[in-house]
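Visitor: There's a structure below that I have some questions on.
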Amino acid sequence: MNISDEQLLTDLFRVITLMRRSFDRAMTEQGASLAQTKVLMCIKAQPGTARAADIAEIMGIAPRTVTEALDGLERDGMIQRMPDREDRRVKRLTITPAGEAAVAVTEPLRRQLGAKALGALNASEREHFHAALQKLLERMANG
């Protein structure tokens, strides 16, 4: 069976889109979307030191997108922005108890949803899939 590049890419993007929508819908119902949970996890990993620029770099997204996400998280009471002691132009981010509570529910849910989705693959398929993904990641990283 000869599968075209276009068919593989179409299927890959469909899987990613469907997984993202499914994860996002289920996680949002529990208190924080997939994107919000990712941002909260970045802030949680850098308590009191995280900046918007750090999150943009870690997540590989535009600073403006991060700013909009942070605005929503702050409005929802999940984070606080605090002025840096040495540079008042810089805002340091901290996760609030509400943000911690959201992560405590949505992060395990994200892992559970991922396990359920990948449960469609047997051990051999998982190994081949992982090997193929590693090749693609290497190719993309090296241009």
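The values are calculated or read from the model by the stated rules, or taken from the named source; none is laboratory data. Since this is a predicted model, take the numbers as computed values, not measurements. So basically every Cβ, Gly included, is an ideal-geometry build from the backbone, and we count neighbours across all protein chains shown. We work out accessible area using only protein heavy atoms, side chains counted, and drop any ligands, DNA or RNA first. Shrake-Rupley method; radii C 1.70, N 1.55, O 1.52, S 1.80 Å.
Visitor: In whole Hz, what ³J(HN,Hα) sequence does the range 87-98 give by Karplus (6.51, -1.76, 1.60; θ = phi - 60°), x for Gly and Pro?
Guide: Calculated HN-Hα couplings, in order: 9, 4, 6, 8, 10, 8, 10, 10, 8, 8, x, 5 Hz.
Visitor: Quick one: net charge around Ala115, please, counting Lys, Arg +1 and Asp, Glu -1 for every other residue with C-beta under 14 Å from its C-beta.
Guide: Residues close to Ala115 contribute a combined charge of +3.
Visitor: When the accessible area of the range 22-143 is computed with all protein chains present and a 1.4 Å probe, what percentage of it is carbon and sulfur?
Guide: 54 percent
Visitor: Can you give me the accessible area per residue for the chain, using a 1.4 Å probe, in Å²?
Guide: 72 Å²
Visitor: Please compute the length gained on full extension between Gln30 and Arg126, using 0.36 nm multiplied by the number of residues separating them and subtracting their Cα-Cα distance.
Guide: This chain segment gains 31.7 nm when fully extended.
Visitor: Need the C-alpha centroid separation for the range 116-142 versus the range 29-61, integer Å.
Guide: 26 Å
Visitor: Okay, moving on. When the solvent-accessible surface of protein heavy atoms is calculated with a 1.4 angstrom probe, in what order do Lys135, Lys38 fall, highest first?
Guide: Per-residue accessible area, sorted high to low, gives Lys135, Lys38.
Visitor: Let me ask something else. Whose amide H sits under 5 Å from the amide H of Ile79, counting only residues 5 or more places off or on another chain, with H placed in the peptide plane?
Guide: Glu74, Thr96
Visitor: Pairs of alpha-carbon atoms within less than 8 angstrom and 6+ residues apart define the contacts here; what relative contact order does the chain have, in percent?
Guide: 23 percent.
Visitor: Treat each spin label as a single point 7 Å out from the Cα along the C-beta direction, and report the Met140 to Ala101 distance in nm.
Guide: 3.6 nm
Visitor: For the chain, state the average projected area of the convex hull of the C-alpha atoms over all orientations, rounded to one decimal in nm².
Guide: 11.0 nm²
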